[in-house]
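FYI, it's all coordinate maths here, none of it is from the lab. Since the structure is predicted, the reported quantities are computational estimates derived from the model, not experimental observations. Cβ atoms come from the backbone with ideal geometry, glycine included; neighbour counts cover every protein chain shown.
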Amino acid sequence: MVLMSVLSNCLISLTNAEKRGKRQVLIRPASKVVIKFLEVMLKHQYIGEFEVVDDRRSGKIVVHLNGRINKAGVISPRFDVTLSEMDKWTNQLLPSRSFGQVVLTTSYGIMDHEEAKRKHTGGKVLGYFF
């Protein structure tokens, strides 16, 4: 079996472990995009701490869960989003205005949609979580 999307595999593993009531989950392979996405989730306290284990191959990540993730997903292909289209995407992807985050990759790095609005920049949609 060929792994198509590392980020998609990570978010599906997180969601499934959360539904099963697990306290931690092992994610492999690790990538820079996955680590930055998890940092955004950690900043909004959707996950507990996580640690990257270097096994001299593709790497592993051990994530401690705290029971806040309802759904997390990847948007593929990574559509371009301008600042004016940001509200349209958040309305499509999130269940409520004050609940959840859309994660974008911008020229300033990977960030959530609120930080992108503050920095007055658009980018490409990576995924969402709530």
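Here are the numbers for this structure:
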item	result
Alpha-carbon radius of gyration plus Dmax, which is the widest Cα pair, for the chain in Å	14.4, 43
³J(HN,Hα) computed for each position of segment 81-87 - Karplus, 6.51 cos²θ - 1.76 cosθ + 1.60, integer Hz, glycine/proline x	10, 8, 5, 6, 8, 4, 5
For residue 24, residues with placed amide H under 5 Å, excluding near neighbours	65
Residues with amide H under 5 Å from that of residue 47, placed H, sequence gap 5 or more	42
Cubic angstrom per residue, convex hull over Cα atoms of segment 76-130	69 Å³
³J(HN,Hα), Karplus 6.51/-1.76/1.60, whole Hz, each residue of segment 51-65, x for Gly, Pro	10, 8, 9, 8, 9, 6, 10, 9, x, 9, 10, 9, 10, 8, 9
Filtered chymotrypsin sites (Phe, Trp or Tyr not before Pro), segment 1-83: DSSP coil and at most 13 other beta carbons within 10 Å	79
Under Karplus coefficients 6.51, -1.76 and 1.60, residue-wise ³J(HN,Hα) of segment 67-79 in Hz, glycine/proline x	x, 9, 7, 8, 7, 9, x, 10, 9, 10, x, 7, 5
Under 23 Å from the Cα of residue 22 - lysines, other chains or at least 8 residues apart	36, 43, 60, 71
